[in-house]
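Okay, so here's the structure we're looking at.
Coordinate-derived values only; no laboratory data. None of these values were measured; they are calculated from a predicted model. Note: ideal-geometry Cβ built from the backbone for every residue, glycine included; neighbour counts use all protein chains shown.
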Amino acid sequence: MALALRRRRNVTEAVADEKIRIRSVESIDVTVMIGSAIASFALSQLLYETFLPLSGALGYVVVWYVLFLAVSWIAVRELRGNVRAKDHLARVVVWSGASMAIVPLILIVLYVVGKGYHALRPQFFAEDQRYVGALSDATEGGGAHAIIGTIQQVGIASLIAVPLGITTAVYLNEVKGRLAKPLRTVVDAMSAVPSIVAGLFIYAAWILALGNQQTGLAGSLALSVLFLPTVTRTAEVVLRLVPGGLREASLALGGTEWRTTSRVVLPTSRSGLVTAVILGVARVIGETAPLILTVGGAFIMNWNPLAGKQDSLPFFVFRLIRFPQESQIARAWTGALVLMILVLVLFVIARAIGGRGPDHIGRLKKWRLQRKGLA
Amino acid sequence: MTSVADVSESNLVDEARVTPVVRRSKVDRAYRAVATLSGSVVFVVMALIGGFLLYRGIDALRISGWGFITESQWAPDMGGAFGIAAVLPYTVSIALVALFLAVPISVATALFITEYAPRRLRRFLTATIDLLAAVPSLIYGLWGLFYLQPRLITLSKWLADNLGFIPFFEVNEDFGTSLGVFPSSTFVAGVIVSLMVIPICTSVMREVFGQAPPGEREGAMALGGTRWGVVRDVVLPFGRGGIIGGSMLGLGRALGETIAVTLIISPSFDAKWSIVEQGSNSIAALIALKFSESTETGISALMAAGLALFVITLIVNTAASSVVNRSRSGSATEI
């Protein structure tokens, strides 16, 4: 037994020199990393504080990072050779690059929460700015008019864009007509239309040419120009995931094309379509640029999106942040916080729904199936 | 699957070409018509956008003539000259600064997700990148203005102090390099825009990297390649189209970014090389800032500027999606 163990250890030792592990972290790596971090910290302290005429926290971190790369590269090279050293360097760079993408998100969320929670009171959701004067405290008044405006505008925009987007996706993926190929290119191009251009377009076409006023409806038209391609593209991807065998089975059983789409393809991809719509809403709800040109902005509640100027949450924030009064700026931050919470909530809902596969049977569906005696 | 053409070529059927007889019911015809109609709405809207911007902007273009491209002033309402000769270079340079930062970070993030991250982290990271795309640009702008800018200008100062001989980092000697000359610059705006470009680039690159052929990947590993070896010799060469296409899609987004840039820059109408010095501009920010104070000719001029932006992003994005589509296999799932 002992002999066997020793022999095996010998074998593994002999192999360990050759074997390259791909996803596991070895203790020697950790040691080298910690050692290099300390060494490069000391070195950058010496260089930065003593020799070089530099200052600023940001520069310090940059110098430390570069020195860390150099020191750990040399260390791994000495210990394990050139090839491993390159691999190590690449790994460190990729890890730090990825964290560069994630860290700002955390900082942004924390910063907006920290700035915005002071004035976040229940009345922010109940009052408009009717009684807000220059000297009012930040906790007076609220953004209810902006929240209602945003809900109405985004609601109308989704009423326009969602059916249109899903039928367009159906055309691209189910009907597959002659226009499908150019249409896909144009949808891609449309998703790249800058948001301000969408606003300009509605201003030119709806307000200047047709003689309408700046209203909530004009805002939702501009939003639906941005919404339509997003929904179409994501819905098309979702429809593409429906297995072709299901369609063929439906057609083979004598189902018409319309029946196949309405009873097989769309129900199968329902959770994906809902996710597509919610993600689209999350994207559109924060759009500011087109609304500057189209909704006009207001300080008091306007329940009617068809007449009169309306406010919207992003526009509310954008206007108030440039006020000189501290209280207005505080309100703007609260608006930004509410906006961010809305986006986060929508996003989490979308993820929770989208995580389910097409074969997921929820409580409601189970009940319905049971009633039919199918499950 | 045998197509119609194959059958007729194989001479099994001599004379009559076999055309499948499709007799659709009324409902099916109606369904196809509705789907086609809603598909064509997209064409109509795109044509209308271009058409209306041109129709409204043509007056201004008539007044300015070629000056629209060569003039850097913007004073259409006072009967003065106006053009995009300063605004356009600023727009492009903000976008280029953004890409300069975003592309390496996106490549690293995409590689991290597809190659390096533990399996459990992958889904979480993908969701986080999507969330990064869903955060409103307004919030990026606010964060950039209040949090990042005061910290970033120390880096601007460092660049100006130590690399001032490069025209990009040069600042006017008269003012010296006090911190006051660095806010609201192209550089700061570009850094903020890069945060918004990262998720777009990353999601395209991730998709393309994930499609690197497993055979080659395993072959490289079997030959004793390290992880980096696999990435360098398999993943990156196969994903080159994705990197280029993703970067161009990001460029399109960066060129049209409005609110964050509007919040950060202080408008400048003299083109300059320096990216760290105060004063910058972009077409989208110009429209957002000048819109409320413009009268008839001014609006018309803004429409013309919007048309220019529309055409530029259209070209960039069409090129980008053709590059990405060529490097992506669009196969459907079959059972």
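Assorted remarks:
- Nearest-ten-degree value, helix A:180-190 long axis tilted from longest Cα axis of chain A: 90
- Sorted from greatest to least, the principal axis extents spanned by the alpha carbons of the stretch B:232-320 come out as 57, 30, 20 Å.
- A simple spin-label model places pseudo-atoms 7 Å from Cα toward Cβ; at A:Gln123 and B:Ala33 they are separated by 5.8 nm.
- Cα long-axis angle, helix A:2-16 against chain A (0 to 90 degrees, to the nearest 10): 70
- Ellipticity estimate at 222 nm from DSSP helix runs (n ≥ 4, -39,500 (n - 2.57)) divided over chain A, nearest 500: -21500 deg cm²/dmol
- Placing unit charges on the Cβ atoms of the charged side chains and taking the dipole of the stretch B:21-66 about its Cα centre, the candidate lying farthest along the positive direction among B:Leu48, B:Val34, B:Ile58 is B:Val34.
- The mean number of Cβ atoms from other chains found within 10 Å of a Cβ in peptide A:160-171 is 4, as a whole number.
- Axis angle, to the nearest 10 degrees, between helix B:296-326 and the longest C-alpha principal axis of chain B: 40 degrees.
- Global geometry of chain B, whether rounded, prolate or oblate, following the gyration tensor of its Cα atoms and the 1.5 cut on a/c: oblate
- For the residues of A:125-138, the average number of beta carbons from a partner chain within 10 Å of their own beta carbon is 0.
- Span from the the stretch B:108-185 Cα centroid across to the the stretch A:205-262 one, whole angstrom: 36
- Helices in chain B, meaning DSSP H runs of at least 4 residues, each add -39500 (n - 2.57). Divided by all residues, the mean residue ellipticity at 222 nm is -20500 deg cm²/dmol.
- Residues with amide H under 5 Å from that of B:Ser280, placed H, sequence gap 5 or more: B:Ser266, B:Ser268
- Considering the stretch B:53-132, its Cα convex hull presents a mean projected area of 8.1 nm².
- Peptide A:276-284 has a mean of 2 when you count, residue by residue, the C-beta atoms of other protein chains within 10 Å of its C-beta.
- Paramagnetic label zone (point 7 Å from Cα along Cα-to-C-beta, A:Ala134; backbone N under 16 Å) in the stretch A:321-340: A:323-329
- Counting beta carbons within 10 Å around each of A:Met33, A:Met190 and listing the fewest first gives the order A:Met33, A:Met190.
- In terms of packing, defined here as the mean over residues of other Cβ atoms within 10 angstrom, the peptides B:310-316, B:209-215 line up highest first as B:310-316, B:209-215.
- Ranked for footprinting exposure by Cβ neighbours inside 10 Å, fewest first, B:Glu216, A:Glu287 give B:Glu216, A:Glu287.
- For the protein assembly as shown, the fraction of C-alpha pairs more than 33 angstrom apart is 57%.
- ³J(HN,Hα), Karplus 6.51/-1.76/1.60, whole Hz, each residue of the stretch A:289-296, x for Gly, Pro: 3, x, 6, 4, 7, 10, 8, x
- A Förster distance of 60 Å, applied to the separation of the beta-carbon atoms of B:Leu96 and B:Thr19, puts the FRET efficiency at 0.65.
- Ordering of B:217-230, A:216-229 by packing [mean C-beta count within 10 Å, highest first]: A:216-229, B:217-230
- Which of A:Leu200, B:Leu255, A:Leu346 has the fewest Cβ neighbours within 10 Å, and the rest in rising order: A:Leu346, B:Leu255, A:Leu200
- Split chain A at each of the trypsin sites (Lys or Arg not before Pro) in a DSSP loop with at most 15 other beta carbon atoms within 10 Å, and the longest piece is A:179-321.
- Computed from the Cβ-Cβ distance with R0 of 25 Å, the FRET efficiency linking B:Phe124 to A:Arg84 stands at 0.30.
- Solution diffusion estimate, µm²/s, Stokes-Einstein, chain A, Kirkwood Rh from C-alpha pairs, 20 °C, viscosity 1.002 mPa s: 82
- Here the Karplus relation 6.51 cos²θ - 1.76 cosθ + 1.60, evaluated at θ = phi - 60°, turns the backbone of the stretch B:235-249 into coupling constants of 5, 5, x, 6, x, 4, x, x, 5, 5, x, x, 5, 6, 4 Hz, with x for every Gly and Pro.
- Cα gyration tensor, the stretch A:218-375 - rounded (a/c under 1.5), prolate or oblate: prolate
- Shape call, the stretch A:175-234: gyration tensor on alpha carbons, a/c limit 1.5: prolate
- The HN-Hα couplings worked out from phi for the stretch B:103-120 by the Karplus form 6.51 cos²θ - 1.76 cosθ + 1.60 (θ = phi - 60°) are 5, x, 5, 5, 4, 4, 5, 4, 5, 4, 5, 7, 10, 9, 5, x, 3, 5 Hz, whole numbers, x standing for Gly and Pro.
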